[in-house]
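Here is the structure we will look at.
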C-alpha cells in the first residue's frame, strides 16, 4: 500500500514537472512574440513620424504657392473676362426639359 502511494506521488510530481516545463517554454515563446510585436509597433510609429514630417513639408503653404506659380498659369482676371448676368443666355423650357416652371431672372 505504501509503495503505491509513493509511486502515485512520484508520478504526480513528474506530471506536474512536465506541465511546468511546457508552460515555461510557452511563456518564453509568448514573450518573444511580444518583444517582436513591440519592435514592429515602434518601427511603425517611427515611420508614421517620418511620414507626418514629409506631409508637413509637402503641404507647407509657401512651397505650394511657389509650385502653383511655377506650374499653373493662373493670373488675375482681366476686365474683358468679367461679364454681367445680362450677358448670359436665358434658359428656355426646351433646355430645362419642360419641367421646373419659370427660370429665375426672367
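Given 0.36 nm per residue, what is the gain on full extension from residue 90 to residue 4 after removing their alpha carbon distance, in nm?
Here the answer is 20.0 nm.
Going by alpha carbons, how many degrees (0 to 90, nearest 10) lie between the helix axis of 61-71 and the longest principal axis of the chain?
In the chain, helix 61-71 runs at an angle near 50 degrees to the longest axis.
Using only the alpha-carbon atoms of the chain, report the extent along each of the three principal axes, biggest first, to the nearest angstrom.
116, 45, 15
Mind pulling the angle between the C-alpha long axis of helix 2-58 and the longest principal axis of the chain? Nearest 10 degrees, somewhere in 0 to 90.
For helix 2-58, the angle is close to 20 degrees.
Under a point spin-label approximation (7 Å from Cα along Cα-to-Cβ), what is the residue 71-residue 55 distance to one decimal in nm?
2.0 nm
Say each of residue 38 and residue 20 gets a label point 7 Å from the Cα, pointing the same way as Cα to Cβ; how far apart are those two points in nm?
Label-label distance for residue 38 and residue 20, simple model: 2.6 nm.
Using only helices, what value at 222 nm comes out for the chain when you add -39,500 (n - 2.57) per DSSP H run of length 4 or more and divide by the total residues, to the nearest 500 deg cm²/dmol?
Values: 2 runs with 68 residues, N = 106.
The helix contribution divided over the chain gives -23500 deg cm²/dmol.
Counting pairwise Cα distances across the stretch 21-73, what percent come out greater than 15 angstrom? Write down the numbers at each step before the final one.
Details: 942 of 1378 pairs.
Considering the stretch 21-73, 68 percent of its Cα-Cα pairs are separated by more than 15 Å.
Any read-out appearing in this document is the output of simple, stated calculations on the displayed coordinates, not a laboratory observation. If you're wondering where the values come from, they're calculated on a predicted model, not measured in any experiment. Note that we place each Cβ from the backbone using ideal geometry, even for glycine, and neighbour counts take in every protein chain shown.
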